[in-house]
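> Before we start, here is the structure in question, set down as structure tokens.
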Amino acid sequence: AGLYPRLVRHAMTGFGSLDVMRFLGCKGLTTGAIHGNFAGQVVSDLKVRPEGVRIKHRVNGNSIKMYDKQGSVLRVEATINEPKDFKVYRPKEGGSADDLAWRTMRRGVADLQRRAKVSQAANERYLDALAEVDAEKPLRELTDGLCCPVKWKGKRARALHPWGQDVAWFEVIGRGELTLNGFRNRDLRQHLFACEPSSPEATRRQSGQVTRRLRLFRAHGLIKKVPHTHRYQLTNKGRAVV
């Protein structure tokens, strides 16, 4: 559901008339321009309906459309209302069965198999073009939840500041050698504090500071504790954010 608005935007702003004609198998586009004999109409439109958003591209009476069914299922469908724009390898009607040639597709069910292949090819070309859309979540979407306080184990945990006081911590927990095997309190201390603690009391202070930050990151779902160890690892959410 989060990706669909980006697909719609790309389909409406990124696909031109040549793209739509290519999706629907129009010929004569090898020069990168519409053939001078083309006298049809290419239209793209968008409709918002109770069950979802539908986008449709049409060349004359043939079309390809995309819609999100109840916000959870992506559907792409090609519809052929003007079969004369396509060819099928068949004998001439009333002629010899051996007289095969590329002829105009007929209405009805006579060329149903060829119609299905043409429609499937159109759907695949359309989906391949949509594959260019970046599926990564926008940075704002990733960090929105982090910038708000949360409750964890019955206690309030403050909001995180990804571009402020917490940025150094993100850089450390995202280090390659720590993400591979997980990290402990003392592993983080080695990277976060430039100077060795001068006394056991200073060590406890640093350790307590790291413990509180680990608890905060767990509250926001960025890290998880490895069972039966003192190690932590990034969650999928944590890897995406870091």
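Rule-based calculations on the coordinates, nothing more; no lab input. This structure is a prediction, so every number in the text was calculated from the model and none was measured. Glycine also receives a Cβ, built like all others from the backbone with ideal geometry; neighbour counts cover every protein chain displayed.
> Counting only C-alpha contacts under 8 Å and six or more residues apart, can you give the relative contact order of region 91-220 as a whole percent?
15
> Under 29 Å from the Cα of residue 87, which lysines turn up, not counting those fewer than eight places away in the same chain?
27, 56, 65, 117
> Place a point 7 Å from Cα of residue 43 in the direction of its Cβ. Which residues in region 51-85 have their backbone N less than 13 Å from it?
56-64
> Let me ask something additional. Around residue 106, which amide H atoms from residues at least 5 apart in sequence, or from another chain, sit under 5 Å from its own amide H, with H modelled in the peptide plane?
Answer set, sorted by chain and number: 111.
> Please work out which option in (1) 23.2; (2) 22.6; (3) 21.7 gives Kirkwood radius over Cα pairs in Å calculated from these coordinates, and answer with its label.
Comparing each candidate, only (1) matches the computed number.
> Students often forget the sequence filter, so: which lysines lie under 20 Å Cα-Cα from residue 237 once same-chain residues fewer than 8 apart are removed?
Candidates past the 8-residue exclusion: 137, 151, 153, 224, 225.
> Grab the DSSP H runs of the chain that are 4 residues or longer, score each as -39,500 (n - 2.57), total them, divide by all residues and round the 222 nm result to the nearest 500 deg cm²/dmol.
About -11000 deg cm²/dmol.
> Show the residues, 5+ positions off or on another chain, whose built amide H is closer than 5 Å to the amide H of residue 62.
Result for residue 62 returns 81, 82.
> With labels modelled as points extended 7 Å from the Cα through the Cβ direction, what inter-label distance (nm, one decimal) is found for residue 158 paired with residue 198?
Here the modelled spin labels are 2.6 nm apart.
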